[in-house]
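Reading through the structure tokens given below for one structure.
No value in this document is a laboratory result; all are computed from the given coordinates. Worth saying up front: this structure is predicted, and the values here are computed from it rather than measured. Cβ: placed from backbone, ideal geometry, glycine included. Neighbour counts: every protein chain shown.
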Amino acid sequence: MSRPRFLADQNLDEDIVRGLLRHEPAAEFMLARDMGVDRLPDDALLQFAADQRLIVVSHDVNTLRHAGYERLRAGLPMPGLFLIVRNKPIARPLRTCR
């Protein structure tokens, strides 16, 4: 079994990525900006992530959540989607990832 790989979408606070990598340096965490997919619509971003077998991590609890549900209803693959509420302390999401 391979280890999970993550894609931080364009609106994820990068402090979360840095904090996670401090706790788990071996984690694979790509940034949408660095991969050139930061301006894709939600459905295209989720398709890209599925093609690359990446779990999307985002603060976009509104539209990305809807796009994820639509993808599942259509029977399309989706490795995963973590949605983090923006007004929570950064350490809280990191503790739940352990």
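Data table
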{"quantity": "Two-decimal log10 I(q)/I(0) for the chain, as the Debye equation yields it once each C-alpha is a single scatterer, q = 0.12, 0.15, 0.23 Å⁻¹", "calculated": "-0.36, -0.56, -1.30"}
{"quantity": "Charge sum, other residues only, whose C-beta stays under 13 Å from G68's C-beta, Lys/Arg counted +1 and Asp/Glu -1", "calculated": "-2"}
{"quantity": "Helix-only mean residue ellipticity at 222 nm for the chain, each DSSP H run of n ≥ 4 adding -39500 (n - 2.57), per residue, nearest 500", "calculated": "-11500 deg cm²/dmol"}
{"quantity": "Gaussian network model of the chain, springs between alpha carbon atoms under 10 Å - residue of L45, L21, L12 with greatest fluctuation", "calculated": "L21"}
{"quantity": "Distant-in-sequence amide H partners of R5 (H built 1.01 Å from N, under 5 Å)", "calculated": "I55"}
{"quantity": "Dipole magnitude of segment 5-96, debye to nearest 20 (Cβ charges: Lys/Arg +1, Asp/Glu -1, about Cα centre)", "calculated": "340 debye"}
{"quantity": "Estimated vicinal HN-Hα couplings, Hz - segment 14-21 in sequence order (Karplus 6.51, -1.76, 1.60; Gly, Pro = x)", "calculated": "5, 4, 5, 4, 4, x, 4, 5"}
{"quantity": "Fluctuation leader among D42, D15, D60 - the chain, Gaussian network, Cα springs under 10 angstrom", "calculated": "D15"}
